[in-house]
Each structure stands twice: as C-alpha cells, then as structure tokens.
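Report on one structure; see the data block that follows.
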Amino acid sequence: MTATSPTYELPDPTLRIGGRNLDARDRKTYQSHNPATGDLVVSIAAAQPEDVDDAVTTARIQFEEGEWSRISGAERGRILTRAADLIEQDAENLAALEAIEMGKLFHDSVAGDIPCAAQAFRHFAGWADKVTGTTALLPDFGPQKRFGYTLRQPLGVLGAITPWNNPVLIAAWKLAPALAAGCTAVVKPAEDASLSTMRLAELLAAAGIPDGVVNVVPGLGEVAGAALAAHPGIDKISFTGSPRVGRQIQSLAGDTFRKVTLELGGKAPQLIFADADLERAMPWIAMGNFYHQGQVCAAGTRVLVHESILDQVVEGLVAAAEQARPGDPFDADSTMGTIVNARQLDQILRYVDIGRDEGADLITGGSRLDKPGYFMQPTVFRGTNDLTIAREEIFGPVATVIGFSTTEEAVHLANTTKYGLNAMIHTRDLSRALTVTEQLRVGTVWVNGWGVPDPALPWGGRAGSGIGRELGRSGIEADTEEKTVHIGL
C-alpha cells in the first residue's frame, strides 16, 4: 500500500509569549527533521534564557493581575471543554505533526494519543468548579468557640518540560489540571517534537484561554530547559524525561523550595503466571514491548514468565516481532514507525550489542532495517534479570524474557530494579493478582491488560521513576496550595 500523507498545517515555528509569536533572541533556531526520511521539516525558534525570562514574567503578570485565576471555575471549565473539542477536531493535524517529527504511527495518534489528550482536558474541565477545601468543628480554646476551614488555591506559575515520545498527550496531562486550578504556565517542549505542542497552544488560545496563560518556549534542553528549571519566578516544575535530567531539575528546584513533579521513565516488569490466558494476554504482552517502537516510559520490557509456559511466551513474542511491519508512519499497513533520531537508534543498537556480549540469547531482531529512515527490527532476548538489558531503560523495541518458578521469585525479580513506575500482571487468579499488586513497588499496576493512563486516576512512579503524581485528584492537589483558616466565634 502506498503511504499518503494527509494535508496538515504547521504551527508558527516561533516562541509564543503573551499570545504573540516572537523570534528567539538573535533569531537563533534549531532544525526539525523527519526521522522516516531525513528531510528538513522546519527551522524552529530556539529560546534563549532571556526569552524564558520574558515568558515567565508574562505568566506571572497574568497570574497575579490577569483574569484566569479570578474567573469562576465554571467558566474555566467551559473554556477547557471547548479546548477538548478543538483538539478532537484537529486530531489528524496533530497526529500528522507527531508523525513527521518523531515517527509515531499516524493512525495510532489519531485513535489513541490525541483523543486521550482531549479526554484529559474534558476531565479536568469538570474539576474546575470543584476545587474546594474542607471544614472542621474545632474544640473551644479556653472561653472561645472556634471554627476552621481550608481554602485550596492555585499554586501560581507552572514550568512544564515535556518529552518527545508523547508530546501532546503529556503536555495535556500537565496543562489541563494546572489550568483547571487557575494556574498559568510556561511550556518547554522537547526539541525532537515541538510542533504538535506549539499547535496545541494555538488551539488553547482559540478555545478562549487568555493571552499569557499558556506560553511556549521551544529550544534546546541545556539552554531553554535549564533556564526554565532554574527560574525563580516558577512555582512548580513538572518534568517528564530522563533520570539524569530529573536529578538536575530537582537540584535546581531545591534551592528555592519549589514544588517538583518528576516522571523519569521505567523498566516495567510483566509478570505472566502459569494460569494466564495466553490467547488474550499475548497481544497485550507484545504491545507492552513494541508499541511506539518501545519508546514508552511504561513499556513492559522485562517479561517475567513462569517456567512452565516460558517457551510459549517466547514463541508468541517472536511471532509478534516477526509479523511487525515497520514502515512509513502514514502508511495504514505499517504497525511500527521509526525511532526518533539517529542518536536514539545508536543507543538501542548499543544495548543489543551489550546483551549479546553478556550472554543473552538473541531470539529475533537486533538490527537496523536496511532502508532510509531510523527503522529498527523488534527484538526479543531470552536472559536473566541481572543483564544490563534487563536493568537499564533502553527506550526501544527490545524485550528480555526471564523465567521464574514461584510467585515469590516473580515478585522479587520484579522489585529488583532501580525503577518503580508501573507493572503488568497476567493471571486468572484474582487472589494472586490482588496479593502481588500489593507487593509490587510501583506507582501503577495493570492486571490482564496495558494501556494509556486514564486522567481520572493518578500517574507517577517511585524510586528512580520519579516523585509526585499527575492526573486524578492528585493532579489538582499538586497544582494548588491548601490554606488553613481559624475563626474565633
């Protein structure tokens, strides 16, 4: 089938500050390339520290003097609902921007990421008029009767630094609760995937969000990202990305005692017990490894399998890998897109070499495809939990299948990691599922499935996977401060 790219509209490739599109200082730019072809997509303004300062100052003025934090929650909710509608209407355009910039399958974005981003705005639109405090009947203090209550108020200015793998979705996770609470924001999108986030900002403005509430400063991480993380005018930094950068951001934020939410990836285990319904489970197991070319923080690339069904699971994963069709992200027949860039592909191939060198059994894949673009064969190893490929996040389509003999061993293997984002369990035994869920040291557990986090429930990890939570009630609480009031009667 011949791939046909839909008509799409590029956003203005400049900074967006206070509702205006501006060139970066000294007109500095960086280039966006299509990873499927290597073609130049567009040159994008590269924000400098002074530009970031302008954006933060604008967001601060809007928060302290503007209307967004002062209008009713119901009105904010109406605007966020309109934003959700516009995102849905623009789904093909947003998906095309993600496909041309970072190789994500067009049909996956249209059916998955973009509707889920709209869902996040619609969900938190419902929260906007429900950000309330609590009341307490206090005991008398001597002769004085007392009453107490709390106010939950918007935190202030959010600094959001987003990754390249799910740009619109994760921007929505950060912006929707913050906007519902009445905060303003400065967003620094990943340099490998800036365009869809820049388009999102245009849609939010069209929905009626006032100028200066959402500002976007594309640029290099070591320049624009560092300036945003260190800026004293930011009340909270929300970052999704690598542990290395997360540690730097936490250190910068600690100097001024700002709130920080860090989602730093993972090395999720999939625990597949002997009684698992493999006919139903195998598509989920394969998706947990190969969806979006394994470039997913929640990817379940440590496949822990009971020894009695180990060969069946290996055969199922190999079949899924060998039936995959990596190809043009716009081709409806493609089941995998591209790796985001040459650097990431080289890293994946380096891990494949390490796996071989350490004695892992390479069952299938392991090579770059002999075609233009950064295409990688889906790869399956059989090995042990102490291998480098089982310990470190590869961020590519590389599965390591590891056997276990008892439930206790499975839990031990699952928890023997520096990460703690999520895990998957496949079993027909409800008692086992609930017991193992309690024992796993992760932020989220999927039982007999896998998928995109729902905005109604919190998302985040522990240990090397970060701190704090996004989404759900936790997302609202993370973007507000609680003030206690005592009243003498």
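Here are a few things to note about the model shown:
- Whole-number D in µm² s⁻¹ for the range 188-232, Kirkwood Cα-pair radius fed into Stokes-Einstein, 4 °C, 1.567 mPa s: 114
- Other residues whose C-beta falls under 11 angstrom from the C-beta of residue 220 contribute a net charge of -1, scoring Lys and Arg +1 and Asp and Glu -1.
- Lysine pair count for the chain with Cα-Cα distance under 22 Å and sequence separation of 8 or more or different chains is 18.
- Computed over every Cα-Cα pair of the range 389-437 and binned at 10 Å starting from 0, the pair-distance distribution P(r) comes out as 19, 55, 24, 2 percent.
- Whole-Å distance, taken between Cα centres, linking the range 263-307 and the range 439-470: 14
- At most 16 other Cβ within 10 Å, DSSP loop - GluC sites (Glu not before Pro), the range 1-106: 9, 67
- Loop-resident trypsin sites (Lys or Arg not before Pro) (DSSP state other than H, G, I, E or B) in the range 46-82 with no more than 15 further Cβ atoms inside 10 Å of their Cβ: 70.
- Net charge of neighbours whose Cβ lies under 12 Å from the Cβ of residue 137, counting Lys and Arg as +1 and Asp and Glu as -1: +1
- Two-decimal log10 I(q)/I(0) for the range 17-86, as the Debye equation yields it once each C-alpha is a single scatterer, q = 0.21 Å⁻¹: -0.94
- Around the Cα centre of the range 118-266, unit charges on the Cβ atoms of Lys, Arg, Asp and Glu (plus for the first two, minus for the last two) sum to a dipole of about 440 debye.
- Largest to smallest accessible area among 406, 29 [probe 1.4 Å]: 29, 406
- Largest first and in whole Å, the equivalent-ellipsoid semi-axes of the range 209-303 read 37, 16, 12, each the square root of five times a Cα gyration tensor eigenvalue.
- The range 288-331 shape via C-alpha gyration tensor axes, a/c threshold 1.5: oblate
- For the chain, the dipole from Cβ point charges (+1 on Lys and Arg, -1 on Asp and Glu) about the Cα centre works out to 1320 debye, to the nearest 20.
- In Å², nearest 10: area of residue 134 left accessible to a 1.4 Å probe: 80
- Remark: relative contact order (the range 16-138) = 25 percent; criterion is Cα-Cα distance under 8 angstrom and separation of 6 or more residues.
- The range 111-125 versus the range 180-251: alpha-carbon centroid distance in Å: 19
- About the Cα centre, charge dipole magnitude for the range 166-236 (Lys/Arg +1, Asp/Glu -1 at Cβ), debye: 160
- Cα extents for the range 99-187 along the principal axes, largest to smallest and rounded to whole angstrom: 71, 23, 15.
- In the range 357-489, inverting the average of 1/r over every pair of distinct C-alpha atoms gives 18.0 Å as the Kirkwood radius.
- Across all C-alpha atoms in the range 18-168, the radius of gyration and Dmax reach 21.6, 79 Å.
- Other residues with beta-carbon under 14 Å from the beta-carbon of residue 335 carry, at +1 per Lys or Arg and -1 per Asp or Glu, a net charge of -3.
- For the chain, fraction of C-alpha pairs farther apart than 32 Å, in %: 42
- Using θ = phi - 60° in the Karplus curve 6.51 cos²θ - 1.76 cosθ + 1.60, the 3J(HN,Hα) couplings for the range 30-46 round to 9, 9, 9, 10, 7, x, 7, 10, x, 6, 5, 8, 5, 8, 10, 4, 9 Hz; x is entered for Gly and Pro.
- Modelled label positions at residue 37 and residue 388, each set 7 Å beyond Cα in the direction of Cβ, lie 3.6 nm from each other.
- In terms of overall dimensions, the range 290-414 has a Cα radius of gyration and Dmax of 14.4, 46 angstrom.
- The base-10 log of I(q)/I(0) for the range 427-481, evaluated at q = 0.14 Å⁻¹, reads -0.46 [Debye formula, identical scatterers on Cα atoms, solvent excluded].
The values are calculated or read from the model by the stated rules, or taken from the named source; none is laboratory data. Just so you know, these numbers come straight off a predicted model, no measurement behind them. Using ideal geometry, Cβ is built from the backbone for each residue, glycine included, and neighbour counts are taken over all protein chains shown. Quick note on the areas: whole protein, heavy atoms, side chains included, nothing else; ligands and nucleic acids left out. Shrake-Rupley method; radii C 1.70, N 1.55, O 1.52, S 1.80 Å.
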